[in-house]
Structures are given as structure tokens and as C-alpha cells.
1. Does residue 450 satisfy being of a type outside the set (Val, Ile, Thr), farther than 28 Å from residue 569 by Cα, in a loop (DSSP other than H, G, I, E, B) and within 16 Å of ligand 1 (Cβ to nearest atom)?
2. On the basis of being free of Cβ contacts under 8 Å to residues at least 40 places away in the same chain, part of a helix (DSSP H, G or I) and of a type in the set (Asp, Glu), does residue 595 make the cut?
3. Pick out, from region 309-425, the strands (runs of 3 or more DSSP E) lying fully within it that include 3 or more residues that are under 28 Å from residue 463 (Cα atoms), over 25 Å from the mean Cα position of the chain (by Cα) and within 16 Å of ligand 1 (Cβ to nearest atom).
4. Name the pairs: first residue in region 436-465 and closer than 25 Å to residue 417 by Cβ and of a type in the set (D, E, K, R), second residue within 14 Å of ligand 1 (Cβ to nearest atom) and in a loop (DSSP other than H, G, I, E, B), Cβ to Cβ under 7 Å, at least 6 apart or on different chains?
5. Give me the pairs: first residue in region 499-521 and closer than 12 Å to residue 217 by Cα, second residue in a loop (DSSP other than H, G, I, E, B) and hydrophobic (A, V, I, L, M, F, W, C), beta-carbon distance under 7 Å, and six or more apart or on different chains, which are they?
6. Return only the number of the condition from (1) assigned to a helix (DSSP H, G or I); (2) crowded, with 23+ Cβ neighbours inside 10 Å that residue 261 does not satisfy.
7. Could you list all residues from region 572-589 that are in a loop (DSSP other than H, G, I, E, B) and more than 27 Å from the chain's Cα centre (by Cα)?
8. Could you list all residues from region 637-656 that are of a type in the set (Gly, Ala, Ser) and within 16 Å of ligand 2 (Cβ to nearest atom)?
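The values are calculated or read from the model by the stated rules, or taken from the named source; none is laboratory data. Nothing here was measured: the structure is a model prediction, and the numbers come from that model. Virtual Cβ from ideal backbone geometry, glycine too; neighbours counted across all protein chains shown.
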Amino acid sequence: MELIAVAVNTPQHSGLGDVLTYRATSAAAPGTLVRVPLGRRETTGIVWARCVAAPPADQLRDVIEAIGALPALPASWLQLVEFAAAYYQRSIGEVALGALPPSLLGLDNRQMERRVARAAKGSARAGHAAPGRGDALAAVRAAVETPAGDPNDPGLAQPPLPELSAEQQAALAALAEAHGRPLLVHGVTGSGKTEIYLRAVARALEAGRQALMLVPEINLTPQLEALVAARFPLRRVVSLHSALGAAERARNWLAVLTGRAEIVLGTRLAVFAPLVRPGLIVVDEEHDPSFKQQEGARYSARDLAVYRGRLEGVPVLLGSATPSLESWQHAQSGRYALISLNERVGGGPMPRLRIVDLRNLPRGGTEREVLVPALREAIAERVGRREQSLLLLNRRGWAPVLHCAACGWKSGCAHCSAWRVFHKSDRTLRCHHCGFTERVPRACPDCGNLDLAAIGRGTERLEEQLRSLLPQARVARIDADTTRRAGALQAQLAEVHAGEVDVLVGTQMIAKGHDFRRVTLVAAVNPDAMLFSADFRSGERLFALLMQAAGRAGREASQAAASEMWLQTGYPDHPLYRALARHDYPGFAMRLLDERRTSGLPPFMHLALLRADAARAADAEAFLQRSAAAAAALSEAAGVTVYPPVPAAMARIADVERMQMLVESASRPALQRFLAAWAPALIEARAATRGLERFAVDVDPLSF
Ligand SMILES: [Zn+2]
Ligand SMILES: [Zn+2]
């Protein structure tokens, strides 16, 4: 009989421990999946390379069976998981088993055997083109340059490679010489970052290695997949993200673990792809907040990618037009290598920025016109020339709130500390946080006044106003409401690509990554809403969003000279807009970093949030107070500041009161030591607090 350590998915708060000891008839290699009893049920665990104290013999339980049909997970993968669990204060089992495709978790060895065999057979037949997304892929493929090869031998056609600019060559040389440092590639849209990624991927493949490419959004994976498949027609490309069907996700994951997949594309969860021969990790749009998981194990895939690169000894490429201040600071201090691409490939300039003063806007009736006259004319001219315009408004629905002027009633949500949004298309008031939806009332529910006013403007209303302002234009809208149905976004994008749309209205969804060829005007209708947000990262976010939106204009070199980005603002002299007009990210970043240093914020200060949810705010607060008292007693609390409990920015969602407590330290190791020492006290505080629904530690929170 052997004793083996097995990671099982016990909740962090159970206090059970996350790596348990079992008895087995034979030793199993670390990384092997096993079926084990846990309480009254049977579950899948992973053999862990770790000695744990054995319980008394009468409490030892036997492994049911080892899942030998699946190759053991690589040792470096186990290390990555162990690091992530410790750093983000979660259990090893939760992180490890959460990173596996759910459909593989319940299988016994026989079932796994069949699954692995089927996946191997499927991959031999299917090549890299995954079924089910034919239309979207075909549309995007058509937009990608098709290689001119022998039509009788399509599989062997190698695409001709574009010539590299001097800047791109410098970037690839820097990657080769980075010696274990991540390389940050800072380049505006169109400067050829993707070509650098592809060349780096080619190098990894030539060395017989697997390449991992992370993108922030599921929507961007089909586009990237088509591009990569066209460049590497003989290589197996798979994607990993949460929108894949269960069978496809499992098949792709198995292709990675068995080494058949050579290029892996995915969203944040793909940072845990079980690469067996890693050779490169790329994180595109590395600044994007989607890389941070916002529930469960709140990890940053970007930060884990950097850790994984060091762990595996493989190069890491981070790319962005507006790097996160964390990465930019690392590049300034020399921890990361830095290459800036300052020219757009093909030589076109970035669109000219036109800042218009919203305070001069004429009033039409009771409120301001939506567009300044000059912008309206600029759009109308483009409609006449069959060029496209893109209008960005980061708020969906018709109006953010309804209001009764007679008694002051507003369309609040009964379950959240938020307003319900007026959606005119289906005459509803909808809460965007909890989903609570009702028919819009005919009269004020409080006083019966029939004259309810819509305050503010969302994309639905902007679309309607544009239709009446520009009757000759074909207006379309893309936001979370128009793209709810599967495939809707791809269909709508295809219409834009086909030139069937003159003016496209949308939220930040339209600013990201899409390669619109006929857009020569981009306008931010009301960017000021993000300018004075309480979130300390809102300036950084707004700059990134506007740069990204600007990058949608003038993708064709022939149109670049006539391309414009318009900003309607009440603060035309704001430094953020001034820096944007100069396309000056470095200057903007330097100013923000100075501010962050002065005010003690990341990346100069390291933060963690203790969040607590309860039906009554008093219970959440009691838990936080207990936790704070326990913290004060810890010797590890030296050099760490624990702030008093406060309500979260959204104090109530779906009838749950949300409180939080900020913890900070100038030293990351000190903060980590403190959090580790504090963890048992949190479990005790939870047990002592009736009414607490849940708590969570959020390390490196995006906001607080
Ligand atoms: Zn009223
Ligand atoms: Zn709500």
C-alpha cells in the first residue's frame, strides 16, 4: 500500500484542507487524475507532488481508481497551479480542477479511454478547422490575404510572408535577446504587432514547441484563429475559451495535453492550458481588464502568463497600444524589455483628433442636440462618399434612468443600488446588474404623473436620433442587446464589412479589434462620463478605449490621410484628451504614474480587498471587523495597512449587501506573507458570523 497526496475541490472556506492523503495499491505519478471518495460522494482529484501529514490509519480512505488513460499533467503545470492558488488565496484543488474541462471531471478510466481515443481520431480527420463556426470563419478568412499556392495542393501552400519593417525586426531581435525578461511591445493599431506574434510563433514551432496566444475576448478568437490557420496551414491550431461546447473544449484541451495541438489560442482560462512543450506565450491587448477573473479564483491571466514564462523558461510577449501602467512601469525599471512601434505598417498616419467643445452645443428643445453641427456634416459627407463612420457611446439602452419631475421618483432597482435602464424597443425597465425587468409604467408609480422624463442617452436612443438626423444613412447598432443571440455579432460584423452599413453605433464592443476597412471617422459621443469616475483606473481605461477606437479608422492606407477621430467633451483642455490628440501614450503614462506614486496606488502600492456579502450589511461588516481584529494581532501585519470596512462601489446587487475592506502594503512579499497568515482567521471569522453569505480575498483588485 502507498500513501498519495490528492488535490480535491474542497471550498476554500471548508477548512478541510485542499490536498488530502489517500491510500492506493500502487504509486501514481504526480499530475495523474484519480477517482477518490470525498465525504459521501465520489470525485475526481489530481495526484499532487507534495508530502502531507497522514491521518490516522482508521481515517485513511482508498483511491477508487487512477485515470491512467489520461497522460499525467506536466510538473510545471502543477507548479503554476500551486503558485496561483497561494498568490490569489484559493485552494489548490479549486484552481487545479477548475482549470480542467468540466466534461472530463466525472469520467472513470474506461470512459476517459474512449474520450481520449475519440479525440485522437477526430483530430486526425478534422485538421485545424473546427466545425460549427463555418460562416464566421469563412467571412473572416475572406478578409485575410489568401495565399497564392498550387490549387492542386492546397494543404502544402505556404503563404508568402509580408516584409518586416525595421521596427518589427528590432522587436524580434529584442525577443531573442530578452533572456528571460518579458518583452513588452508597445505599438499603435496597425503598427504590425500581430506580425511579430506570428513570427515568434513560427520560431517556437520550428523548435518543435507549442505556442500559446491569449486574447481578452471570446469574440476576437475566431478572427485570430482564421489568421493563424491561414499562416500555418499545416499546423494544428486549437482554441480554448468558455463559449466552446463541452465536447469541443475537452477535445481541444486533450489535443494540448497530448502535444498534438501546436498553437493554442484562448481567453484568460487558456493560461492554464496543459502545454507539454511550451515555447512561447503571447498576451495580446495585455492591458485589458478581461484578463482578470472577477469571481472564484480572481487571478490575472496576464500576470500568471509572466510567471509561467519564467517558470517554463519560455519567452513572453505582451502587446498593447496602451500598456497597463503595471507593465509600463516594469518596462521603465528594466524588469521588462520594451520595444515601441511608432509607425503604422504601410505608412498611413493615425487619424487626426478633433476635440469639440460640447458646451457650445446648441440646445434643441429641452436638451442638447446629440452631435455638434460640424460632426453631423462630417458624417453626412462620408455617407455620400460611401465611407463608414463609427460612433462610440459606452452605455446601452435608450436612457439610463426615468424620472418624475413632479415627485422626484426615479427608476431604481428594488434589488440593487442602481437605476433601471429604459429600453424603448420592448418598453421595459431593466436592471443591468441583477436582470430585474418590468414593463415601463404608464404613469409615475408614486404620484400618478403621466409625464415621465428619460434622462441621459444610451446607444438605442443615439441610433434613433441618428436615423432622424441622417435619413439618407443606413444606421446599425452593436451592443450587448443586439448581440445576445449566438452568431448575431458575427452576422452584424459581416454586414459592416460588406459595406451595408454607413453609420455604426455601439458600446466599447465596437472599439475592440475588429478590422473595419471602410471606416474613416470615429466619434466618441460622451467620453466625459468615464473621466471623473471614482475608479482609480478609469483614466487609464478611457485612454485605452479611445486609442483603440481611434485605431478603427483609416485601416486602409489610401484612406488614412482623411481619417478623423472626434471627441465631444465639456473638458477640451483635459490632459487626457490633450495627450490623446498627440497620440502620446508615454507622456500620458508618465503623468499617471507620477500621480499613482504620489497617492500611493498601484503599481507602487500592492493591494488586496477582503469582500463580504450578506443579506444584511451589519453581518458583512461584523465579519470584516472580526477579520480586522484578527489582523491586528498578527506579527505579519507589520508594514501592512488594513483600512476600515466600507460599502462596495455597488453596495447592493440582487438583494445582497456588499461590504469590503482594503489591505495595502508597499511590499508585495509582505502583503503575501500577511494574507497567508491571515487566512485561518478569516475562516474562523466566517464561522463566528451568522448571516454572512460569502467572503473572498481579491488580490491585485482592478478597483476598490
Ligand atoms: Zn411622481
Ligand atoms: Zn437590480
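1. Working: of a type outside the set (Val, Ile, Thr): yes; farther than 28 Å from residue 569 by Cα: yes; in a loop (DSSP other than H, G, I, E, B): yes; within 16 Å of ligand 1 (Cβ to nearest atom): yes.
Yes; evaluated as a whole, the condition is true for this residue.
2. Numbers: free of Cβ contacts under 8 Å to residues at least 40 places away in the same chain: yes; part of a helix (DSSP H, G or I): yes; of a type in the set (Asp, Glu): yes.
For residue 595, the condition - free of Cβ contacts under 8 Å to residues at least 40 places away in the same chain, part of a helix (DSSP H, G or I) and of a type in the set (Asp, Glu) - is met.
3. Answer list for region 309-425: 401-404.
4. 446/407; 446/409
5. Once the first residue is closer than 12 Å to residue 217 by Cα and sits in region 499-521, no partner that is in a loop (DSSP other than H, G, I, E, B) and hydrophobic (A, V, I, L, M, F, W, C) comes close enough.
6. In the conditions (1) assigned to a helix (DSSP H, G or I); (2) crowded, with 23+ Cβ neighbours inside 10 Å, residue 261 misses (1) alone.
7. 572, 573, 574, 582 - these are the residues of region 572-589 that are in a loop (DSSP other than H, G, I, E, B) and more than 27 Å from the chain's Cα centre (by Cα).
8. 648, 649, 651, 654
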